[in-house]
Amino acid sequence: MANLARIDLDAIRHNLDAVRAAAPAAQVLAVVKADAYGHGMVPVARTAREHGVQWLGVATLAEARALREAGDSGRLLAWLWAPGDPDLDACLALDVDISVSSIDSLHEVLARAGHLGIRPRLHLKIDTGLARNGAAPQDWPLLVAEARAAEQRGAADVVGVWSHLANADQPGHASVDAQQRQFDAALAVADDAGLVLEVRHLANSPAAFAHPGTHHDLVRTGIAIYGVTPLATARAEDLGLRAAMTFTGTLALVKTIPAGTSVSYGSTWTAPAHTRVGLLPLGYADGLPRIAGNRASVLVRGVRCPVVGRIAMDQCIVVLDDVHGQVRAGEEAIVFGDASTGAPTADDWGDWSETIGYEIVTRLGQRVPRAYSGER
Ligand SMILES: *Cc1c(COP(=O)(O)O)cnc(C)c1O
């Protein structure tokens, strides 16, 4: 046995179905950026395609290129790139839909595509209030007009208009309606300019579940398909989601320490009595946040065991006193997994680490091997 992240592709299928049930009128775009939030981009993408997903999305052009080079050939949108991105030519040649947020980026895509003799498919992005990527509303009419002109001369196809929400994880947040109104105004400008769009898209996973008015033609869903909660107000299981990743470690050493023994760097925890402890050979290099020491727990033989002392780069200590029988080195500890097993979830680790489940699964260390079940 060894440290391992097991990815259940059946859970991904199940979660895709849950998103479809929540957003029945829209298509699904499965977001597989950041190595599918730590789950492995290629196997997740393949599973989504097999499960009928027409659209995949990634942030960077390098991710889109890698997916194409792994054999993916369906609709694929990439939305984050800077001037001079070395993967732009490749993505244009590989039939990737490209997002454009400014006149300059429109000109750059058109120039590169013209050079290659390619007519790119573009999604114009409007900033409706997140103030991150996307054209500012005052720049939108000009961007739309130039994109439409390019389309009329056969230099591009504008297939999408889209935006991204700031507070969709909070049901009822007033900014969602405000962004929705801004988005509608942007769509009206596109319509007036003569753009005939294939897809309008605004919703992410939280909006898929909590804001039906944002669904439009496509919901871009990332975290939900991994079975981590998208909402600040609900647990994954309440939304019918199943954790796709189970992260386990093998106890490397079990021993008893006497009362008064302090554990790990900084001596932040001291054994109040004779204590049976296990050494878990996982640390912040593997994705366990250092801040979760003295807060987190893991599951050994079905019993929650607290993580005591600092989490170091490679190892941490768990208290085994509450486990029945004599736990031995070589036994498994579940760091996180599906709530139904009694294990902590990635969302629990998020709470313990002052972050969100997204960051926990995405930051899983490179040296943790991934193994897949549910392959077809
Ligand atoms: C990451 C991302 C998503 C997916 O968000 P989830 O909350 O994981 O569903 C959707 N849209 C954009 C623009 C993103 O960057």
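Tell me, please, whether a residue that is over 24 Å from the mean Cα position of the chain (by Cα) and either at pLDDT 95 or above or part of a loop (DSSP other than H, G, I, E, B) (or both) can be found in the stretch 338-361. Before the answer, list the steps.
The initial filter retains those residues of the stretch 338-361 that are over 24 Å from the mean Cα position of the chain (by Cα), namely none.
Looking through the stretch 338-361, none of the residues is over 24 Å from the mean Cα position of the chain (by Cα) and either at pLDDT 95 or above or part of a loop (DSSP other than H, G, I, E, B) (or both).
Would it be correct to say that Arg181 is within 16 Å of Val199 (Cα to Cα) and either assigned to a helix (DSSP H, G or I) or polar (S, T, N, Q) (or both)?
Working: within 16 Å of Val199 (Cα to Cα): no; either assigned to a helix (DSSP H, G or I) or polar (S, T, N, Q) (or both): yes.
Judged against the criteria, Arg181 is not a match.
Of everything in the stretch 184-217, what is within 12 Å of the ligand (Cβ to nearest atom), in a helix (DSSP H, G or I) and either in contact (Cβ under 8 Å) with a residue 60 or more places away in the chain or β-branched (Val, Ile, Thr) (or both)? Give them in sequence order.
Passing the criteria: Ser205, Ala208, Phe209, Thr214.
Suppose the filter is of a type outside the set (Asp, Glu), modelled with pLDDT of 95 or more, over 30 Å from Asp8 (Cα atoms) and surrounded by fewer than 17 Cβ atoms within 10 Å (Cβ to Cβ); does Ala285 pass it? Walk me through how you get there before you give the answer.
Details: of a type outside the set (Asp, Glu): yes; modelled with pLDDT of 95 or more: yes; over 30 Å from Asp8 (Cα atoms): no; surrounded by fewer than 17 Cβ atoms within 10 Å (Cβ to Cβ): yes.
Here the answer is no, as Ala285 does not meet what is asked.
Of the residues Arg181, Arg220, only one is near the ligand (Cβ under 10 Å from one of its atoms), farther than 14 Å from Asn167 by Cβ and among the charged types (D, E, K, R); which?
Arg220
Give the number of residues within the stretch 105-150 that are within 20 Å of Glu198 (Cα to Cα), part of a helix (DSSP H, G or I) and in contact (Cβ under 8 Å) with a residue 40 or more places away in the chain.
Counting residues in the stretch 105-150 that are within 20 Å of Glu198 (Cα to Cα), part of a helix (DSSP H, G or I) and in contact (Cβ under 8 Å) with a residue 40 or more places away in the chain gives 12.
Out of all the residues in the stretch 218-252, which are not in a loop (DSSP other than H, G, I, E, B) and not β-branched (Val, Ile, Thr)?
Residues of the stretch 218-252 that are not in a loop (DSSP other than H, G, I, E, B), as a first pass: 218-221, 223-226, 236-239, 245-250.
Hits for the stretch 218-252 are Leu218, Arg220, Ala224, Tyr226, Ala236, Glu237, Asp238, Leu239, Met245, Phe247, Gly249.
Hey, among the residues in the stretch 122-175 that are more than 15 Å from the ligand (Cβ to nearest atom), surrounded by fewer than 21 Cβ atoms within 10 Å (Cβ to Cβ) and within 18 Å of Leu202 (Cα to Cα), which one's farthest from the chain's Cα centre (by Cα)?
The initial filter retains those residues of the stretch 122-175 that are more than 15 Å from the ligand (Cβ to nearest atom), namely 122, 136-159, 172, 174-175.
So of that shortlist, the ones also surrounded by fewer than 21 Cβ atoms within 10 Å (Cβ to Cβ) come out as 136-139, 141-142, 145-146, 148-149, 151-155, 157, 159, 172, 174-175.
Filter once more, so that each one left must be within 18 Å of Leu202 (Cα to Cα): 136-137, 159, 172, 174-175.
On the way: Ala136: 26, Pro137: 28, Val159: 24, Gly172: 23, Ala174: 24, Ser175: 22 Å.
Per the stated criteria, the residue is Pro137.
Could you check the stretch 193-217 and list, in sequence order, the residues that are under 17 Å from the mean Cα position of the chain (by Cα) and not polar (S, T, N, Q)? So that I can check it myself, show each step before the final result.
Going through the stretch 193-217, the residues under 17 Å from the mean Cα position of the chain (by Cα) turn out to be 202-209.
Scanning the stretch 193-217 gives Leu202, Ala203, Pro206, Ala207, Ala208, Phe209.
Looking at the stretch 261-273, is at least one residue away from the ligand (no atom under 16 Å from the Cβ) and closer than 24 Å to Ala5 by Cβ?
Residues of the stretch 261-273 away from the ligand (no atom under 16 Å from the Cβ): 261-273.
Add one more test, that the residue is closer than 24 Å to Ala5 by Cβ, and what stays is 264.
Yes, because at least one residue in the stretch 261-273 is away from the ligand (no atom under 16 Å from the Cβ) and closer than 24 Å to Ala5 by Cβ.
Among all residue pairs at least 6 apart or on different chains, which show Cβ distances below 6 Å where the first residue, located in the stretch 15-34, is closer than 16 Å to Val228 by Cα and the second is within 10 Å of the ligand (Cβ to nearest atom) and among the small types (Gly, Ala, Ser)?
Partner pairs satisfying both residue conditions: Asn15/Ala224; Val19/Ala208; Val19/Ala224; Ala22/Ala208; Val31/Gly57; Val31/Gly222; Lys33/Ala59.
The values are calculated or read from the model by the stated rules, or taken from the named source; none is laboratory data. Everything quoted here is computed from the prediction, not taken from an experiment. FYI the Cβ positions are ideal-geometry reconstructions off the backbone, even for glycines, and counts take in every protein chain you see.
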